[in-house]
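Since the structure comes first, as structure tokens, the remarks are kept for the end.
The values are calculated or read from the model by the stated rules, or taken from the named source; none is laboratory data. Since this is a predicted model, take the numbers as computed values, not measurements. We place every Cβ from the backbone using ideal geometry, glycine too, and count neighbours over all the protein chains shown.
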Amino acid sequence: MSESVLVIGSIVVDLPMILPRHPLTGETLKVSSPGMNLGGKAVNQGLQSQLCGANVQLVGKIGRDSFGEWVLAELTHYGLRTDSISRSNSAATSCAVPIIEPGNQYILHVPGANADLTEQDVVQSVVRNTSRILLLQGEIPPSSSLAAARLIHQRGGIVICDPAPTTGMSPELLSEADILTPNSQELMMLTGVDNDVMASIDLVWKRYPNLQAIIVTQGEHGVLLQERDVVARSIPAPQVYAVDPTAAGDAFNGAFATALLNGHSLESACEIGCCAGALAATKIGAAQSLASGSEIMSLWKTVYYHSAG
């Protein structure tokens, strides 16, 4: 694993809750949970990238608490390096409660130490690293992500930006993105255009002239890929029995980045990402739902045979 991906962003302790239905106002509802899990968009994307064969450098921040110690142990268990994980002296390790109910899912998130990841933390890690692909999300201060993106561009690298949540994005940061990977809702939140994906894409092109590709993730419907000045292509997702889509988007991004690193075209990288996302959705949880590289590539060759031949 000589080629590397740099992932900068959130580290979170997840406690998923599976609801039989949406609770009534004031109701105490008995639910189930698979237990405490390692999560955070950066962790999920980094781990999926590593499972697909990349050498991953994860940059993030945790608290000086028992959750932080647990996170370090889990990262080590999964084989992710921890030398660029710093500690906050004032904030606790970030926590999230993914809520899964029939026909719906959402996440309650306490940013914690993620909000303390500074530009200095990031710059020190980027300077020590030789990666040419950078994965960013919206769960840390935009100024920290921006500093990393500029450094990566100075070495001729590629910046992939997952604008989730959109509140963690700034116009300056989006201007540094080479590839943008929002879901449909995030895309429309970025532009203020309701219920019109193509109109939103057109507006993004105008606002961010350095952007080279927009990939709109659409869950079970796959992704919409549009490169600048190229007709949009719809890439269907493999059909699976989905039980928890929590990490599906992160799985897509991690596998997509590694596929690009390995020389795949944008289209085939999207196909591989769709396979990773589909497989992640078949299991409950975040990090532990991610599939191995061999599982992903086996599904890719089965579903998208024309690209694998």
| task | Hey, can you tell me all the residues within the stretch 102-120 that are under 19 Å from Gly249 (Cβ atoms) and out of contact with any strand residue (DSSP E or B) (no Cβ under 8 Å at 6 or more places or on another chain)? | result | Gly103, Asn104
| request: Can you confirm whether the stretch 1-8 contains a residue that is surrounded by fewer than 13 Cβ atoms within 10 Å (Cβ to Cβ) and under 21 Å from Val126 (Cα atoms)? | output: yes
| remark: Those residues of the stretch 157-172 that are surrounded by fewer than 17 Cβ atoms within 10 Å (Cβ to Cβ), at pLDDT 95 or above and not polar (S, T, N, Q) come to a total of 2
| request: With respect to Val123, determine if the residue is aliphatic (A, V, I, L, M) and either within 17 Å of Gln57 (Cα to Cα) or out of contact with any strand residue (DSSP E or B) (no Cβ under 8 Å at 6 or more places or on another chain) (or both). | output: yes
| remark: Of the listed residues (Val31, Val56, Val97), the one being crowded, with 20+ Cβ neighbours inside 10 Å and under 22 Å from Gln288 (Cβ atoms) is Val56
| said: Give me the strands (runs of 3 or more DSSP E) completely within the stretch 173-257, filtered to those with at least 2 residues that are at pLDDT 95 or above and surrounded by fewer than 19 Cβ atoms within 10 Å (Cβ to Cβ), ordered by residue number. | reply: 233-235
| Which members of the stretch 260-292 meet the condition of being of a type outside the set (A, V, I, L, M), under 19 Å from Leu38 (Cβ atoms) and not in a loop (DSSP other than H, G, I, E, B)? | Gly277, Gln288, Ser289
| query | What number of residues in the stretch 117-154 are of a type in the set (S, T, N, Q) and within 20 Å of Ala54 (Cβ to Cβ)? | reply | 6
| task | Restricting attention to the stretch 126-156, report how many residues are part of a helix (DSSP H, G or I) and closer than 22 Å to Thr181 by Cβ. | result | 13
| said: Against the definition (polar (S, T, N, Q) and part of a helix (DSSP H, G or I)), how does Ser298 come out, yes or no? | reply: yes
| said: Among (1) touching a residue at least 24 places away in the same chain (Cβ under 8 Å); (2) in a strand (DSSP E or B); (3) closer than 28 Å to Gly285 by Cβ; (4) among the aliphatic types (A, V, I, L, M), there is one condition Ala113 misses while meeting the rest; what is its number? | reply: (2)
